[in-house]
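Novice: Take a look at the following structure, please.
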Amino acid sequence: MASTGSFAPTLLLAMPQMVDPNFARSVVLLCEHGSEGAIGFVVNRPTDLRAAAAVVLDPPVSRDNGLVFWAGGPVEPERGFLLLGESPGAVDSQCVSEGLYLTASVEVLRRLLECDPEEVARKRCRLLLGYAGWGPGQLDRELTASAWLTAPAEAGLVFGTAPEAMWERAIRSLGVDPLALQLGPGIQ
């Protein structure tokens, strides 16, 4: 993970005044933050695109178990990542925080796509397309300009909250009423 001075892992909560459509009312899991920049994933934007209809594997997946893609961010939207609530047991996976694991493993993806619909519905997983990226110092400047609130990276919030309610629930978990938020200098 990132070095000392890092905000990662944390959740970034877009301030109500955020007008960028990629991030308005977004909840971003910040995974890495350091002198070279930052990387995270929007975790509250499901799409209507079914994974079985879009993922090309050889041999192909034989069924549609209902797994959908989530918009992970505007950078490299053709690239997929899996966010999981338990370790996938893959060598190429990363523990972001307790109960939050990232991987791009094709084997793990295949296992998820081949699960029964009932099993995939119980799993804590998100198939994310793209990511959110910041250049050196960019996120720090945005935080100083009060573009984001920060909250603990909690798997229960990410996987246990309806996406349309996640932003408000995360802000209220800080003891803040979203309607009372105002732009102002400093980290909120």
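Every number in this text was worked out from the coordinates using simple rules, so none of it is lab data. This one's a predicted model, so the numbers in the text were calculated from it and none came from an experiment. Don't worry about glycine lacking a Cβ; one is built from the backbone with ideal geometry, like all the others, and counts go over all protein chains shown.
Novice: In the Gaussian network model of the chain, springs joining C-alpha atoms below 10 Å, which of L13, L67, L29 carries the largest mean-square fluctuation?
Specialist: L67
Novice: So if we plug the beta-carbon distance of R141 and A180 into 1/(1 + (r/R0)^6) with R0 = 25 Å, what FRET efficiency do we get, rounded to 0.05?
Specialist: Details: r = 24 Å, r/R0 = 0.97.
According to the calculation, E is roughly 0.55.
Novice: Do any GluC sites (Glu not before Pro) in region 91-132 lie in a DSSP loop with no more than 13 other beta carbon atoms within 10 Å, and if so, which? Present the calculation step by step, with values, prior to reporting the outcome.
Specialist: Details: sites: E98, E107, E114, E118, E119; in loops: E98, E114.
Sparse-neighbourhood loop GluC sites (Glu not before Pro): E98.
Novice: Right, something else. Determine the dipole magnitude for region 1-141: charges of +1 sit on the beta-carbon of Lys and Arg, -1 on that of Asp and Glu, nothing else is charged, the reference point is the Cα centre, and the result goes in debye to the nearest 20.
Specialist: On the way: 12 positive and 17 negative charges, 64 e Å.
Its charge dipole is roughly 300 debye.
Novice: Distance between Cα centroids, region 103-167 to region 38-52: provide it in whole Å.
Specialist: 7 Å
Novice: Gain in length, E118 to T150, computed as 0.36 nm per residue apart minus the alpha-carbon separation, to one decimal in nm? Intermediate results must be reported in sequence, preceding the final value.
Specialist: Values: separation 32, 0.36 × 32 = 11.52 nm, distance 3.39 nm.
Once the chain is fully extended between E118 and T150, it gains 8.1 nm.
Novice: What ranking, highest mean first, results for peptides 130-138, 163-171 when packing means the other Cβ atoms within 10 Å averaged over each residue? Could the numbers behind the result be given before it?
Specialist: Details: 130-138: 16.1, 163-171: 17.8.
By packing density, highest mean first, the sequence is 163-171, 130-138.
Novice: What FRET efficiency comes out for the pair S62/E98, r = Cβ-Cβ distance, R0 = 41 Å, nearest 0.05? Please report the intermediate quantities before stating the final value.
Specialist: Values: r = 34 Å, r/R0 = 0.84.
So the FRET efficiency works out to roughly 0.75.
Novice: Hey, what angle do you get for helix 163-172 against the long axis of the chain, alpha-carbon based, 0 to 90 degrees rounded to 10?
Specialist: 30 degrees
Novice: Pick out, from F81, L149, C125, the residue whose Cα sits farthest towards the positive end of the charge dipole of the chain, with +1 on the Cβ of Lys and Arg and -1 on the Cβ of Asp and Glu.
Specialist: L149
Novice: With label points built 7 Å along Cα→Cβ from the Cα atoms of E76 and S35, find their separation and express it in nm.
Specialist: 2.3 nm
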